[in-house]
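Chemist: My questions all concern the structure below.
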Amino acid sequence: MPRIIRYGRSQIRYVARALGGFPVVINLLSVLAVAAAVADPDAVLSRGAVLASVALIVGRTIFHVVADMRTGVPQRQWVGNSIVARVATTAGALAIGMAHDADGWTVIAALILLVLLIGEQTLRRPLGSAIPQAAHLPRAEVALPSTGLALWIFVVDTAGMALLALSGAFGVSPLPAVVTAVVGTVMMLLIGLQAVRFLVQRRRVEADLPSILKELDPAFVFHWQAPAGTAYQAAMWLPYLERIGTPYFVLVRTVANFVEVSKMTTAPVILRVGLEDLDRIVTPSLRVVFYANTAVRNSHMIRFPRLTHIQLNHGDSDKIASVSPTFRQYDRNFVAGQAAIDRFATHGVQTLPDQFEIVGRPQLEDVQSVSGPTSSVKQPTVLYSPTWSGFYDDSDYSSLSAGPAIVQSLLDRGCLVVFRPHPYARRHPGNTRACVKVIDLLVADSQATGRAHVFGPAAETEMSVVDCFNASDAMISDVSSLSSDYLMSGKPFAMAAVSAHGDQFVASFPLARAAYVFDVVRGKAAGLSDLVEDMLGADSLAETRRSMRTYYLGESSPENVAGRFLETARRYLR
């Protein structure tokens, strides 16, 4: 396609999106349909315009419903959607139908439908604000309006509009449209009552929340806000926060976070979306706020100076994100080992010594230590666990571009493979394709050799990270917290050098001194086969790994590491 045409098409799309996109086209067509129907209700053009408007409204709705189902995103709120187009189309259908309706049923159906559409617009805001308030907290839960009923109201009202248009265009009875409008009226009354009930209960909960939390008497709160699908960040800490043994609650900031977290804990979960919503949950008993990431909304809680703000993070690695200056805003940073502290100085980020507490990695308490040399294992199992590509180019450490080549190398060596990519790995189209190719390789090899590779849901959801560690004899990963966590096992591991190579890679990512490092360049894994032989054979880096384990993970052994975290956390709650 010629460059000028591509440029012109791009500009047209940009302008169209800026003006409102396809809904604007539907609105304009529906208004023109009304004008044509009023001017000449018997004209073929008038009837065609009204029917075309109906087709566009229904077609757009089906398109978005199917797209949302395919991507797995929550269904959007349809009540009040395409309201201008549906009102105008209903008015156009009324104008056409009046010319043939001697009994007045067309007028009755149209008036009911127009009132229902106005009702949709009226309820759109209260239904949109109908979000959960709390879970597992007595006297703080509210009944939400039915999302299913709200969706059916949109469907029934839109169906009534379509039936009315068909009645006028083809001269058939409008009674089906009348019946549909009556059904829509009943449903609208029900959803209206539900919306009123929600508003009354929400106001009561808001008034009672300080006294409810006073009864709970929480010593700390776990604040978590992250994109949907990242619940692993909270999941890794919730069991250990529970083991502290003092009352607490989880504070989340989005509906998606609320749904995810409330399923994984029995602790009280409170949803507060806005900055101004937080004042009422800061009780006199509250002393500490724990965080598991550096989300922007963390600052909403950090503004309370009498509280101690402790960053737990969701893993420790040599990634550039681990030395973000934003860590300085917390009173304390709980880190796994001295490496996390030195990393800031290495990257020129000034911090204060008393901002850190070395607590180890309690999540590694069930990691099984190596029982003997890997060379003694006849058919070694290798965990391949690549990271994701990050939000920015300077944080792309993923080896997935060479993932198929890495896995093929392991298969050629006769290894069993456990494939567990980062939960975010498939957010990058290229990485998604690489994951598919890796799984295809493992499926084909299993069918050809009978080797029981582990991949898909079995490795990514049914098994935990620790389960994958324990099931493996060695690991291949990237610059990732998994690499440092794997030190706890004492088993050998390899790291892919993606963002830098040679001495520069080791200087930027000191953990590489304990790893078998290979370069990933343009989808190829250079020199991996020889490294795999050393890793699974002589293992020349065994002593280096042992010396670096304390530096990265602290002095505690697996059976004692959780105790150190709990003891340190309780000290700040006294």
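Read-outs throughout are calculated quantities, based only on the coordinates presented, and are distinct from any laboratory measurement. Source: prediction; values computed, not measured. Because the Cβ atoms are built from the backbone with ideal geometry, glycine has one as well, and the counts that use them run over all protein chains shown.
Chemist: Quick one: what are the phi-derived ³J(HN,Hα) couplings along region 282-290, Karplus 6.51/-1.76/1.60 with θ = phi - 60°, whole Hz, x for glycine and proline?
Modeler: 8, 8, x, 6, 6, 10, 9, 10, 9
Chemist: Here's something else I'd like to know. At a Förster distance of 45 Å, what's the computed FRET efficiency of Glu215 paired with Val183, Cβ-Cβ distance as r, to 0.05?
Modeler: It comes out at approximately 0.50.
Chemist: Oh, and also: For Gln77 and Phe63, compute 0.36 nm times the residue count separating them, minus their Cα-Cα distance, and round to one decimal in nm.
Modeler: Once the chain is fully extended between Gln77 and Phe63, it gains 3.6 nm.
Chemist: Stretched out fully, how many nm does the piece from Val172 to Val44 gain, at 0.36 nm a residue minus the Cα gap?
Modeler: So the chain would gain 44.5 nm between Val172 and Val44.
Chemist: Could you let me know the centre-to-centre spacing of region 128-186 and region 327-343, using Cα atoms, in angstrom?
Modeler: Their Cα centres are 53 Å away from one another.
Chemist: Based on the mean of other beta carbon atoms within 10 Å per residue, what is the order of 183-189, 477-483, 47-53, most packed first?
Modeler: By packing density, highest mean first, the sequence is 477-483, 47-53, 183-189.
Chemist: Can you list, bin by bin at 10 Å, the percent of alpha carbon pairs in region 403-506, starting at 0?
Modeler: All Cα pairs considered, the percentages come to 13, 45, 36, 6, 0.
Chemist: Could you count how many Lys pairs in the chain have their Cα atoms under 26 Å apart, skipping same-chain pairs fewer than 8 positions apart?
Modeler: 6
Chemist: What is the chain's relative contact order, in percent, from Cα pairs under 8 angstrom and six or more apart in sequence?
Modeler: With pairs under 8 Å counted, the relative contact order is 11 percent.
Chemist: Place +1 on the Cβ of every Lys and Arg and -1 on the Cβ of every Asp and Glu in the chain, take the dipole about the Cα centre, and give the residue among Thr308, Val34, Leu137 whose Cα lies farthest towards its positive end.
Modeler: It is Val34.
Chemist: Next up: Can you run the Rg to Rh ratio on region 466-574? Use alpha carbon positions and the Kirkwood inverse-distance Rh.
Modeler: 1.05
Chemist: Report the label-to-label distance for Ile341 and Ser529 in nanometres (one decimal), using points 7 Å from each Cα along the Cα→Cβ vector.
Modeler: Computed distance between label sites Ile341 and Ser529 equals 4.6 nm.
Chemist: Say a paramagnetic label sat at a point 7 Å from the Cα of Glu555, along Cα to Cβ; which residues of region 355-381 have their backbone N under 13 Å from it?
Modeler: 358-360
Chemist: Let me ask something else about it. Relative to the present Cα-Cα distance, how much length would full extension add between His100 and Leu573 at 0.36 nm per residue of separation?
Modeler: Difference between extended and current length: 162.5 nm.
Chemist: When Lys and Arg each count +1 and Asp and Glu each count -1, what net charge do the other residues less than 13 Å away from Cys435, Cβ to Cβ, add up to?
Modeler: Net of charged neighbours comes to +3.
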